[in-house]
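To keep things clear, I will list the structure first and then write my remarks on it.
Just so you know, all these numbers are worked out from the coordinates, no wet-lab data involved. Bear in mind the structure is a predicted one, so any value in this text is a computation, not a measurement. Positions of Cβ are backbone-derived with ideal geometry, glycine not excepted, and every protein chain shown enters the neighbour counts.
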Amino acid sequence: MLLEGSRALGVPLTQGQADALSWLAGELARWSARINLTAILDPIEMADKHILDSLAVLQVLDPGPLTLLDAGTGAGFPGLPLAVAREDLSVTLVEAVAKKVGFLKHAIAHLGLASRVRAMHLSLRGNPAKEGLGLFDAAVSRALADPGRWATLASPYVKPGGTLVVMAGSEAEAATLPGWSQLRLERFRLPLTGAGRTVLAHRKAS
């Protein structure tokens, strides 16, 4: 499912990457039987609405080595699938719920991503230096689909010229964000369930 679905999105996985993400989905289901990490447990929906939905962000990320902030990552989406799919990404997963951070650290270790992926237990307060974060080439959040709110929160964490990624539903429209210029808007349907999605990217003013 993941191999075919990723091809349909135009971001094809290798067999090894698909195997790693299949393990991630299975492990998420196993942990969710004990602690509440996700309400999506059906294997097809998990593959589509967690993993393939995450991979769609690849369509709007710049090429080359990048640092990426995933704010409010939950159980690691979209950050973990993005890190598996692109070996030139260094990803910081930020999550305020401790039990979810425990799962993230377990997944990072098993997937062999510790050299370029870290999970941090904190809430973003707009002070990257004090929070031990620094600045990033790009920032993404699935938890905050409102572009204005997300742009305001993310701005202190993104380098000048960096990218803000908004993951939203099928009806999302381009928005004017002060301090940002629109870069791309991609509409698509998830290949396994047909659910509509929109990914928007904005460039921070230099």
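General remarks:
- Relative contact order [Cα under 8 Å, 6+ residues apart], segment 5-91, whole percent: 31 percent
- In segment 91-206, the DSSP beta bridges split such that about 60 percent are antiparallel, to the nearest 5.
- The chain - mean residue ellipticity at 222 nm from DSSP helices (-39,500 (n - 2.57) per run, n ≥ 4, rounded to 500): -8000 deg cm²/dmol
- Quarter of Cα convex hull surface for segment 44-145, i.e. mean projection, nm²: 6.5 nm²
- Per-selection Rg to Rh, segment 2-204 - Cα, Kirkwood hydrodynamic radius: 0.93
- Using 0.36 nm per residue and subtracting the Cα-Cα separation, the extra length available between Ala205 and Glu186 on full extension is 4.7 nm.
- Straight-distance crosslink candidates among lysines, where the alpha carbon sits under 20 Å from Lys204 and sequence neighbours closer than 8 are dropped: Lys159
- Residues Ala174 and Glu4, FRET efficiency given R0 of 45 Å [Cβ-Cβ distance, rounded to 0.05]: 0.90
- Spin-label model, Ser115/Gln59: points 7 Å from Cα along the beta carbon direction are separated by 3.2 nm.
- Radius 10 Å from Cβ of Thr198, net charge of other residues (Lys, Arg +1; Asp, Glu -1): -1
- Percent of beta bridges antiparallel (DSSP, the chain, rounded to nearest 5): 45 percent
- FRET efficiency for Ala98 and Ala195, using Cβ-Cβ distance with R0 set to 22 Å, rounded to 0.05: 0.15
- Amide H within-cut-off set for Val117, under 5 Å, with H built and near neighbours excluded: Val91
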